[in-house]
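The values are calculated or read from the model by the stated rules, or taken from the named source; none is laboratory data. Bear in mind that the values here come from a model prediction, so they are computed numbers and not experimental data. FYI the Cβ positions are ideal-geometry reconstructions off the backbone, even for glycines, and counts take in every protein chain you see. Each accessible area value is taken on the protein alone, full model and side chains, heavy atoms only, with ligands, DNA and RNA left out. Shrake-Rupley method; radii C 1.70, N 1.55, O 1.52, S 1.80 Å.
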Amino acid sequence: QTQIVESGGGLVQPGGSLRLSCVAFRTFFSRYVMAWYRQDPGKQRELVARITTVGSTNYADSVKGRFTISKDNGKRTVYLQMNSLQPEDTAVYYCNKDPPDWDWGQGTQVTVSS
């Protein structure tokens, strides 16, 4: 069983920035493709960004150029730097491997509002 703990969410004005962190208590963390997902109430969870074992990254079209995913294998931590946030980015953000077959964490709420 893998424990995942996300943090860093909050309330931010449009155009603002946040940095999310996710610690995955999993051995051999570096062997997994990791990703950030988000879910708005009433909508399906969607993949936002992913990072491979060698550091290659992919992004959903809606966040490309604004979000950056990175990871620190030594700390078993994945980050999501979010810039130029917009109201449509409001959601609960989760991290998991890709595909997401670990237990989900509690997520971290991101609210973009003036």
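Structure summary
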| read-out | value |
| --- | --- |
| Evaluation of GLU88 against (1) free of Cβ contacts under 8 Å to residues at least 40 places away in the same chain; (2) touching a helix residue (DSSP H, G or I) at 6+ places or on another chain (Cβ under 9 Å) (one fails), failing number | (2) |
| Scan of region 11-24 for residues that are part of a strand (DSSP E or B) and under 26 Å from GLU88 (Cα atoms), ordered by number | LEU11, VAL12, LEU18, ARG19, LEU20, SER21, CYS22, VAL23 |
| Selected residue (criterion: modelled with the highest pLDDT) from residues of region 25-46 that are in a strand (DSSP E or B) and open to solvent by 60 Å² or more (accessible area, probe 1.4 Å) | GLU46 |
| Residues of region 54-94 satisfying the condition of being among the hydroxyl-bearing types (Ser, Thr, Tyr) and open to solvent by less than 70 Å² (accessible area, probe 1.4 Å) | SER56, THR57, TYR59, SER62, SER70, THR77, TYR79, SER84, THR90, TYR93, TYR94 |
| Unmet criterion (only one of (1) over 27 Å from SER114 (Cβ atoms); (2) in a loop (DSSP other than H, G, I, E, B)) for VAL63 | (1) |
| Residue check for GLN109: open to solvent by 30 Å² or more (accessible area, probe 1.4 Å) and either touching a His at 6+ places or on another chain (Cβ under 7 Å) or in contact (Cβ under 8 Å) with a residue 12 or more places away in the chain (or both) | yes |
